[in-house]
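The values are calculated or read from the model by the stated rules, or taken from the named source; none is laboratory data. Keep in mind that this is a model prediction, so the values were computed, not measured. Cβ atoms come from the backbone with ideal geometry, glycine included; neighbour counts cover every protein chain shown.
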Amino acid sequence: MPSLKDLRNRIASVKATQKITKAMQMVAAAKLRRAQEAAEAARPYSQRMGAVLANITQAVGGGGDAPALMTGTGRDDTHLLVVCTAERGLCGGFNSQISRLARDHVRKLQAAGKTVKIITVGKKGFDILRRDFSNLIIDRIELRDVKQIGFANADAIARKIIHLFNDDQFDVCTLFYSEFKSVISQVPTAQQIIPAAATDSSGEAANGNAVYEYEPEPGEILGDLIPRNIAVQIFRALLENAAGEMGAKMSAMDNATRNAGDMINKLSITYNRQRQAQITKELIEIISGAEAL
């Protein structure tokens, strides 16, 4: 049984940990509001971009004028997975859920005889996936030094992916991230970005089946629009991840603070009981000595 000094030291240690987790919870709550607003603001733009892309794609009709980023290479032998996770931990199962979805997808593709390549965005995703698929990771991107995620970060990632596609390094590209729903709910999501899956029918309904004339030609517009759409989708994924990370961290630190409080109560009860037992023992020894005299 630990001594009273050991119990006091342990109680003090848990109290210090509780202060840290409480402070981290408050910081995550403050960052969550800004991150959530940024993620929600990016969604309409991303959806509208998909609607515009769908409208122009219908005008092209998948003909020879359509760029390869939209039509693909005609094969699906090599798959590139872009796995976006957080740079730091202490956010519950946020990173592991995204990595688990990517891991299951890799094994499914390998079972079908496909070649798989992985690019990790975020330190934690790399740390998790390298245990099983270190030979499949062709690049890692870390945003640890980035104070606030901007479109330039997503555009740099998009240009790297497009460069690999132009070099015939892969046929299909899938983006993995966690869509923010609420503080306690983040949904791991897989989204194909190459070839562009622009099948949003809501745009046609919203436009009232209107017919548009494009200048320049639709093929030339798609040549500029599809790379931008890839960057937009990656930017949205990074913003969704940022909001989801703060929400998961807020929940995890709240649970840690509660658990620390429960542990302090249990240790305090143990300490008081042991102290009372020691006092009682000393009183019995004093009384026994007095009676002996």
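At a glance:
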{"quantity": "Residue match in the range 253-267 (condition: buried (at least 22 other Cβ atoms within 10 Å of the Cβ), part of a helix (DSSP H, G or I) and within 18 Å of the chain's Cα centre (by Cα))", "calculated": "yes"}
{"quantity": "Among (1) modelled with pLDDT of 85 or more; (2) among the β-branched types (Val, Ile, Thr); (3) surrounded by fewer than 22 Cβ atoms within 10 Å (Cβ to Cβ) - the single one Ile221 does not satisfy", "calculated": "(1)"}
{"quantity": "Residue that is in a strand (DSSP E or B) and either at pLDDT below 90 or not aliphatic (A, V, I, L, M) (or both), where the choices are Pro216, Pro188", "calculated": "Pro188"}
{"quantity": "Where Leu69 falls short, out of the listed (1) in contact with a strand residue (DSSP E or B) (Cβ under 9 Å, 6 or more places away or on another chain); (2) modelled with pLDDT of 90 or more; (3) surrounded by 20 or more Cβ atoms within 10 Å (Cβ to Cβ); (4) not charged (D, E, K, R)", "calculated": "(2)"}
